[in-house]
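Engineer: Could you have a look at this structure, given as structure tokens, before my questions?
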Amino acid sequence: MKYLDEYRDPALARRLLDELHAVATAPWTIMEVCGGQTHTIVRQGIDELLPAGIRMIHGPGCPVCVTPLAMVDKAVAIAAQPGVIFTSYGDMLRVPGSTGDLVGVKARGGDVRVVYSPLDAVRLARANPDRQVVFFAVGFETTAPANAMAVLHAATTGVPNFSVLVSHVLVPPAITAILDAPDNEVRGFLAAGHVCAVMGFTEYEPIAAKYRVPIVVTGFEPLDLIEGILMTVRQLEEGRAEVENQYARAVRRSGNGTAQAAIRRVFTISARTWRGIGEIPASGLALAPEFAAFDAERRFAVAELNASEHPACIAGQILRGTRLPTDCAAYGTACTPRTPLGAPMVSAEGTCAAFYGAGRRAPLPVLEER
Amino acid sequence: MCLGIPGRIVSVQAPDERPDLRTGVVDFDGVRREVCLIYAPEAGVGDYVVVHVGFAISQIDEQEAARTLAVIRASPDALATELGTP
Ligand code: SF4
């Protein structure tokens, strides 16, 4: 349990929490769909400061965690080919595939490199014209503009030895899939602030109306989260189901138009498989036909491998929010951030890693009451 | 990769191979990185931007940047991980 005096503005945090305690008369389950928010909530113990009936469920908001096993296997297969320089954001390197991870490829002599920006991968391709440079283009709407620009840049400046292995996912279809599940308990959502900085929040308006759920665009600072939860609970108590913007200082309703234009130019909407959840229609991005020449899946023709998760891992239930990491038999014993068995333990944005980092051991009191 | 870190633009330039790809150098709490500014066309030297994987995606004010950086500093390795220097 963390103490309020660790907050940047303890008095304001206390005031918001008092208000929340006064407003909440019924039990409500709220989901955040942003790994950064999960991290703050668990690390700062925000879920433990909430009124007894208010339960936070940590949704599939970690891009590393939802990248499907089959895609990790493809990355490993491509990276192992001679003449390939395989580039990736750092947090994808230790994600376990069926037969190993990218770190393992590197240990066996493969050329696997961490890049900060996808433009660095394009630069690398230009500097190594006799090698194939592949970039692992994963992430939500926050990384899509960067990955789109890397492809555009390679196309415009003529870098034929560059390609991307695309595994992009979108937040609104995931929210819809969670709401469509027959056992859904989520009554309100915190939308990820930076996803909305890119996309705006008009996409959430029909979801809020159709499913009668409040959706509050929220930042990832502790006070942002408490305020976002308060705004959600207030709507629930008043019987409203609207999209509200807690994070107005960085998010406009229409988002970032230039970034959206680049995404639309380079990518088309496609079905995507979410690790642990399964296929969700129209839930991701694939390269538009115009840019098919940059598609690493075509260029390397890697076969679909028979992907299998570690038998102990309950990542699917963790990502859907039906179980907590502490419910997993391997949590903290066989599975730790140093020896991850599943993706949610690899990335700092993953729920299992967030729990481990905060030293969570026993199930939360709220769960014991159920 | 998804966190987004605020930083201050210290210079703006264009790479020779593609002049329209506006880039600049952004200071993150003392660590400097080249950042693509194509999605923040109005941001200039001295402005604060939220940067995701080498791209500025929105402009914010200085106070907001300071608050967000304080949060990121509180989680060990977050800054290094986001800047690709694990
Ligand atoms: S603790 Fe490890 S094995 Fe258990 S669900 Fe999380 S990632 Fe999977």
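The values are calculated or read from the model by the stated rules, or taken from the named source; none is laboratory data. Nothing here was measured: the structure is a model prediction, and the numbers come from that model. Here Cβ is always computed from backbone atoms with ideal geometry, including for glycine, and neighbour counts include all displayed protein chains. In case anyone asks, the SASA skips ligands and DNA or RNA and just uses the protein heavy atoms, side chains included. Shrake-Rupley method; radii C 1.70, N 1.55, O 1.52, S 1.80 Å.
Engineer: Hey, among A:Ala293, A:Ala241, which residue is closer than 26 Å to A:Asn161 by Cβ, outside any strand (DSSP E or B) and over 20 Å from the mean Cα position of the chain (by Cα)? Working first, answer last.
Structural biologist: Working: A:Ala241 fails: closer than 26 Å to A:Asn161 by Cβ.
Criteria check complete, one pass: A:Ala293.
Engineer: Take the stretch A:302-356 and flag every residue that is near the ligand (Cβ under 6 Å from one of its atoms), out of contact with any helix residue (DSSP H, G or I) (no Cβ under 8 Å at 6 or more places or on another chain) and free of Cβ contacts under 8 Å to residues at least 24 places away in the same chain.
Structural biologist: A:Ala330, the sole residue that qualifies.
Engineer: Pick out the one residue from A:Val115, A:Val72, A:Val122, A:Val133 that is open to solvent by less than 10 Å² (accessible area, probe 1.4 Å) and within 13 Å of another protein chain (Cβ to nearest Cβ). Break it down stepwise before answering.
Structural biologist: Numbers: A:Val115 fails: open to solvent by less than 10 Å² (accessible area, probe 1.4 Å); A:Val72 fails: within 13 Å of another protein chain (Cβ to nearest Cβ); A:Val133 fails: within 13 Å of another protein chain (Cβ to nearest Cβ).
It is A:Val122.
Engineer: Right, something else. Take the residues in the stretch A:85-111 that are over 15 Å from A:Asp73 (Cβ atoms) and β-branched (Val, Ile, Thr); name whichever of them is farthest from the chain's Cα centre (by Cα).
Structural biologist: Selected residue: A:Ile85.
Engineer: Still on this structure: Sort out which residues of the stretch B:22-38 are open to solvent by 10 Å² or more (accessible area, probe 1.4 Å), within 12 Å of chain A (Cβ to nearest Cβ) and assigned to a loop (DSSP other than H, G, I, E, B), and write them in order of number.
Structural biologist: Selection gives B:Arg22, B:Ile38.
Engineer: Looking at A:Ala155, A:Ala146, A:Ala174, which is the one that is assigned to a helix (DSSP H, G or I) and either more than 23 Å from A:Ala282 (Cβ to Cβ) or among the aromatic types (Phe, Trp, Tyr) (or both)? Spell out the reasoning first.
Structural biologist: Details: A:Ala146 fails: either more than 23 Å from A:Ala282 (Cβ to Cβ) or among the aromatic types (Phe, Trp, Tyr) (or both); A:Ala174 fails: either more than 23 Å from A:Ala282 (Cβ to Cβ) or among the aromatic types (Phe, Trp, Tyr) (or both).
Residue meeting the stated conditions: A:Ala155.
Engineer: Here's something else I'd like to know. Just name the residue that is farthest from the other protein chains (Cβ to nearest Cβ) out of those in the stretch A:41-57 that are touching an Asp or Glu at 6+ places or on another chain (Cβ under 9 Å) and open to solvent by 10 Å² or more (accessible area, probe 1.4 Å).
Structural biologist: Among them, the one singled out is A:Ala52.
Engineer: Something else: In the stretch A:205-215, is there at least one residue being over 21 Å from B:Cys36 (Cβ atoms), within 11 Å of chain B (Cβ to nearest Cβ), touching a helix residue (DSSP H, G or I) at 6+ places or on another chain (Cβ under 8 Å) and not in a helix (DSSP H, G or I)? Break it down stepwise before answering.
Structural biologist: The initial filter retains those residues of the stretch A:205-215 that are over 21 Å from B:Cys36 (Cβ atoms), namely A:205-215.
Now drop any that are not within 11 Å of chain B (Cβ to nearest Cβ), which leaves none.
The answer is no; no qualifying residue exists.
Engineer: Check whether at least one residue in the stretch A:6-26 is among the aromatic types (Phe, Trp, Tyr), more than 12 Å from A:Glu349 (Cβ to Cβ) and either more than 14 Å from every other protein chain (Cβ to nearest Cβ) or in a helix (DSSP H, G or I) (or both), and report yes or no. Explain how you work it out, then say what you get.
Structural biologist: Going residue by residue through the stretch A:6-26, those that are among the aromatic types (Phe, Trp, Tyr) are A:7.
Now narrow it down to the ones that are more than 12 Å from A:Glu349 (Cβ to Cβ): A:7.
Still in the list and also either more than 14 Å from every other protein chain (Cβ to nearest Cβ) or in a helix (DSSP H, G or I) (or both): none.
So far as the stretch A:6-26 goes, no, none of its residues is among the aromatic types (Phe, Trp, Tyr), more than 12 Å from A:Glu349 (Cβ to Cβ) and either more than 14 Å from every other protein chain (Cβ to nearest Cβ) or in a helix (DSSP H, G or I) (or both).
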